[in-house]
Amino acid sequence: MQPSRFIRILLSTCAIAILLYSAIFTTISPVIAASSSELTQSAETDAITSPAIDQQMIIQHVEGWIQDLSQHAPFTVWKGAEYEISPLGPGLHSWLVQLTKKEKELGYLIVSATETQQLTLSEYGVGPSPLFSTNTLYLSLVQHGIIPSSIKRNQLFTTDTLHIKRYYLHPMLAVWRVEPQDQPAAYYNAKTGEQLLITDQEWDKQKKTLKQGSPLEAGMQEVIMPNKSAQPIPTFDPFERINWLTHAPLEIKTAAHLSIKLDQKAKITYVSNWYQDSYMIPLAVSGYQTWRNVTYIMVHDEGARWIPFQSLAAFGKFYK
């Protein structure tokens, strides 16, 4: 698990201050076998209440998207996989799709309902540490001393000493809310397992700043084959290239503009700020995939995530 972004950003900021001081005072120059899967519900999440969206509609879209993606690398590992659909909530009208094969985590999709009752693919990803991985959460809870190692991973959601919820407001606002018995709730990054230094009040305040539904309506609504993918760019550590702290952002207004730079193998970092600028997320951009008129940008976040350009551009900047 990587060090906290809070600590790494603080160290990077200190490093910049030292460099600026030096510059002033020295002369140094600068599947698909998943038909048997069922739509699962949990006590703390809402059921599907809209008559326009039923379980079969969700399953049909999910199987179509999985089938289309599994025809292309790196998603070919999804062939023959099983999937499970769980609601994200409460009241968020989004669903987590987790793909596994022989109990090994292979990837995920996030499906959301728009205000017009259409299903959209909000993001997807591959790798052994997918979004909302219970393995990642379990290791983080043990590391932070929230649970003893005597509690096993498969007991996380059955033990009386913990109350756990999944929340998804935006790709950069995907969290676990964990409330130990007789203790304040804590929040954990749903991808990395990093404990976030925020409270329920700060989460609720951030939630209110997002217009309901707007970040999740940017994805693909149709079940079609992607028509263009960029060859992945070798990933890099954004903390080794801190131009995003010292330079102005790129003037990127469209997915096509960003795609051109990625085709040229430019190293680009996406940065977003949350919780009144107290939490910064820099991610290396590694490629893209276009589905007719929607382009998903590939970012590296403890594994690969594909997120609609519109979702990223609305709440962050790109730096070279």
Q.
Could you go through segment 101-112 and let me know if any residue there is outside any helix (DSSP H, G or I), open to solvent by less than 20 Å² (accessible area, probe 1.4 Å), more than 20 Å from residue 302 (Cα to Cα) and touching a helix residue (DSSP H, G or I) at 6+ places or on another chain (Cβ under 6 Å).
A. yes
Q. When you scan segment 180-199, how many residues do you find that are more than 21 Å from residue 160 (Cα to Cα), open to solvent by less than 50 Å² (accessible area, probe 1.4 Å) and not in a strand (DSSP E or B)?
A. 6
Q: For residue 166, indicate whether it is of a type in the set (Lys, Arg) and crowded, with 19+ Cβ neighbours inside 10 Å.
A: yes
**Q.** Scope segment 271-297; condition of a type outside the set (D, E, K, R) and assigned to a loop (DSSP other than H, G, I, E, B); matching residues
**A.** 275, 276, 278, 293
Q: Give 159, 199 a once-over and let me know the one that is modelled with pLDDT under 85 and over 24 Å from residue 296 (Cβ atoms).
A: 159
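So that you can scan it fast, the table gives a plain yes or no per residue for (1) of a type outside the set (D, E, K, R); (2) modelled with pLDDT of 90 or more; (3) touching a strand residue (DSSP E or B) at 6+ places or on another chain (Cβ under 6 Å); (4) surrounded by 15 or more Cβ atoms within 10 Å (Cβ to Cβ):
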position: 222; (1), (2), (3), (4): no, no, no, yes
position: 231; (1), (2), (3), (4): yes, no, no, no
position: 285; (1), (2), (3), (4): yes, yes, yes, yes
position: 305; (1), (2), (3), (4): no, yes, yes, yes
**Q.** Residues within segment 244-270 that are farther than 20 Å from residue 172 by Cβ, open to solvent by less than 50 Å² (accessible area, probe 1.4 Å) and in a helix (DSSP H, G or I), tallied
**A.** 2
Q. Assuming residue 168 fulfils every condition listed in (1) among the hydroxyl-bearing types (Ser, Thr, Tyr); (2) assigned to a loop (DSSP other than H, G, I, E, B); (3) under 14 Å from the mean Cα position of the chain (by Cα) apart from one, which condition is it?
A. (2)
Q: Being out of contact with any Asp or Glu (no Cβ under 9 Å at 6 or more places or on another chain) and either among the basic types (Lys, Arg) or open to solvent by 60 Å² or more (accessible area, probe 1.4 Å) (or both) is the filter here, so list the residues in segment 118-144 that pass it.
A: 139, 143, 144
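The values are calculated or read from the model by the stated rules, or taken from the named source; none is laboratory data. This structure is a prediction, so every number in the text was calculated from the model and none was measured. Cβ: placed from backbone, ideal geometry, glycine included. Neighbour counts: every protein chain shown. Side chains included, ligands, DNA and RNA excluded: accessible areas come from the protein's heavy atoms. Shrake-Rupley method; radii C 1.70, N 1.55, O 1.52, S 1.80 Å.
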